[in-house]
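Some notes on the structure that comes next.
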Amino acid sequence: MDVETIMKKSLHLLLLALLTITLALPLAALADDAPAPTPDPSGASIGTAADIVGMSAGAPTREDLETLAEKEPLAAKVADAVGHNRISINIVWTLVCGFLVMFMQAGFALAETGFTRAKNAGHTMAMNFMVYGIGMLGYWICGFALQMGGVGGVASLGGAQVLANEVSINIGGNDFGLFGATGFFLSGVSYDAVVFTLFLFQMVFMDTTATIPTGTMAERWTFKSFVIYAFFISMFVYPLYANWVWGGGWLSTLGKYFALGHGTVDFAGSSVVHMTGGVAALAGGKILGPRLGKYREDGTPNALPGHHIPMAVTGCFILAFGWFGFNAGSSLAGTDLRIGVVAVNTMLASAAGAFSAMLYMWTFYGKPDISMIANGFLAGLVAITAPCAFVNSVSAVIIGAIAGVLLCASVFFVERTLKIDDPVGAISVHGVNGAFGLLSVGLFADGTYGDALNGVEGTVKGLFYGDGGQLMAQLIGICTNFVFVFLVMYVFFTVLNLIVPLRVKPEHELEGLDQHEVAVSAYPEFVLQKTHR
């Protein structure tokens, strides 16, 4: 090809490019006049029938969809396929998120063990391990039935309608649910695929609650009394309060019967899971008393440092990873596109909690304390757990930041004023910030999500967005949790202590609980041997 030919072809290409640009300019102007896309924070407008087209080989065409009325067999086939796939996606999502929450048990074990002393590491690990098995069995026996036995079905999972027996009392013509009565031993009508899915997801949530007091009561708690406790909280205490909020019980109906917002709203368990565990820990720690050497004669506290901070921090990261299942999974629907908002809010609140705790300790005590930073990280997660689906990112950061400061102030208040020895700060992380998380829904919920939740039309709005009734419902939930859980657990621990002593012998506590309570030493090479002259 000679030079002249090359130049002619180049000129033709240049003219074609100029022509294309010239024709595109008017189209671009028209595009500028088109309405700008608007955000869809709830995800309600994303995903239509058009998205079915071409989803797989043999899928219906657009023409098929446009003439469904004339092709009833195809319409039924498409509807069945779409419905089945939607429910399948939701069930898989719920199960996978449940698996993530189960893995949080490893995070709790590492965090609590790292924050306690080496001589008790095996004992602390044993409690964190066995609370999973014992709690699961107790929940299987009757806990699940009491919590979810009257829920009446879970629409996102396409079933569980067999769980329709809620024991209620009638006041003023309104039924106030107290506890469920279907699902004992997962037998009879509860032998159902959807019910079993729901059991797994709810069980791992319960187990988080049961684990929390093991941190507060670590290093001086007898293993025998711990076993009895694990059955009691999983079979009765947790399921009852959870029923009132999540199982169709009376707290969830405050909106329907008394126009208090949507009733007590707790998306993923700030109060149902964390506050319940924190309040139970408060009762147990009060009765059990402090570790030997924790307080001087004048009442001032001694520091009893944890033996493995890297282990504790690793545990906190594992907890944060599992928390995505905890919060986003509480949608019970992978097809609910709000899960992206939930996940990001969860991350932001944890970061803000760690950051504010760091600044607090740095400002008032001269140095950033990594143990308080790690607990501030968890505090942000606990606080965002209830409002994560109902708030925007700015509110999530504010909630997390407040949680980190609350954590630091509460730790010192519990230790110095209440004189309760809490080796891992569980009362402050879970109890105090669980209550704050529930309160946050009543303040920061922005009205972009939650339509028809608990049978109330409209979305969930807090006080800052015009609904003071929602705040009142949240306050009722907080007060109910504290009064019910503290009184029941305080009486339980008091009576149990008369039958099976809660506290180990002083000499065993001084030597360490590993060999005396669980017949193994976590660090046998470091065990001090008695010397004889």
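If you check Phe484 against the conditions, is it outside any loop (DSSP other than H, G, I, E, B) and free of Cβ contacts under 8 Å to residues at least 60 places away in the same chain? Against the criterion (outside any loop (DSSP other than H, G, I, E, B) and free of Cβ contacts under 8 Å to residues at least 60 places away in the same chain), Phe484 does not qualify. It is to be established whether one or more residues within the range 309-328 are assigned to a helix (DSSP H, G or I) and over 29 Å from Met203 (Cβ atoms). Among the residues of the range 309-328, at least one is assigned to a helix (DSSP H, G or I) and over 29 Å from Met203 (Cβ atoms), which makes the answer yes. When the range 256-274 is filtered for residues that are surrounded by fewer than 24 Cβ atoms within 10 Å (Cβ to Cβ) and assigned to a helix (DSSP H, G or I), the ones remaining, listed by number, are Lys256, Tyr257, Phe258.
Close Cβ contacts (under 8 Å, 6 or more residues apart or on different chains) running from residues in the range 68-96 that are within 23 Å of Ala328 (Cβ to Cβ) to residues that are among the aromatic types (Phe, Trp, Tyr) and modelled with pLDDT of 80 or more comprise Thr94/Phe201; Leu95/Phe201. Is it fair to say Gly263 is touching a strand residue (DSSP E or B) at 6+ places or on another chain (Cβ under 6 Å) and touching a residue at least 24 places away in the same chain (Cβ under 8 Å)? Here the answer is no, as Gly263 does not meet what is asked. Run down Val411, Val424, Val394 and say which single residue is outside any helix (DSSP H, G or I), β-branched (Val, Ile, Thr) and under 18 Å from Ser350 (Cβ atoms). Val424 is the lone residue from the list that is outside any helix (DSSP H, G or I), β-branched (Val, Ile, Thr) and under 18 Å from Ser350 (Cβ atoms). In summary, Leu332 fulfils each of the numbered conditions (1) over 28 Å from Ser88 (Cβ atoms); (2) surrounded by fewer than 24 Cβ atoms within 10 Å (Cβ to Cβ); (3) among the aliphatic types (A, V, I, L, M) with the single exception of condition (1). Taken together, Gly450, Gly437, Gly458 contain a single residue that is crowded, with 21+ Cβ neighbours inside 10 Å, modelled with pLDDT of 95 or more and either of a type in the set (Phe, Trp, Tyr) or not in a helix (DSSP H, G or I) (or both), which is Gly450. Quick one: Thr363 ticks every box in (1) part of a helix (DSSP H, G or I); (2) in contact with a Ser or Thr (Cβ under 8 Å, 6 or more places away or on another chain); (3) among the β-branched types (Val, Ile, Thr); (4) over 18 Å from Phe317 (Cβ atoms) except a single one, so which number is it? The one condition Thr363 does not meet is (2). Ala343 passes every criterion in (1) without any contact (Cβ under 8 Å) to a residue 24 or more places away in the chain; (2) more than 19 Å from Gly329 (Cα to Cα); (3) surrounded by fewer than 24 Cβ atoms within 10 Å (Cβ to Cβ) apart from (2).
Scanning the range 133-186 for residues that are small (Gly, Ala, Ser) and buried (at least 22 other Cβ atoms within 10 Å of the Cβ) yields Gly135, Gly138, Gly143, Ala145, Gly149, Gly150, Ala160, Gly180, Gly183. Looking across the range 140-172, the residues that are part of a loop (DSSP other than H, G, I, E, B) and either over 17 Å from Phe184 (Cβ atoms) or in contact (Cβ under 8 Å) with a residue 60 or more places away in the chain (or both) come down to Gly149, Gly150, Val151, Gly152, Gly153, Gly158, Gln161, Gly172. The combined condition, being among the acidic types (Asp, Glu), at pLDDT 65 or above and assigned to a helix (DSSP H, G or I), is fulfilled by Asp80. For Met130, are the conditions met, namely being crowded, with 17+ Cβ neighbours inside 10 Å and either touching a residue at least 12 places away in the same chain (Cβ under 8 Å) or in a helix (DSSP H, G or I) (or both)? No: the conditions fail for Met130. On inspection, Asp421 qualifies as in contact (Cβ under 8 Å) with a residue 24 or more places away in the chain, within 21 Å of Gly277 (Cβ to Cβ) and more than 22 Å from the chain's Cα centre (by Cα).
The values are calculated or read from the model by the stated rules, or taken from the named source; none is laboratory data. Keep in mind that what you see is a predicted model, and the values were worked out from it rather than measured. Every residue, glycine as well, gets a Cβ built from its backbone with ideal geometry; the counts of neighbours run over all protein chains shown.
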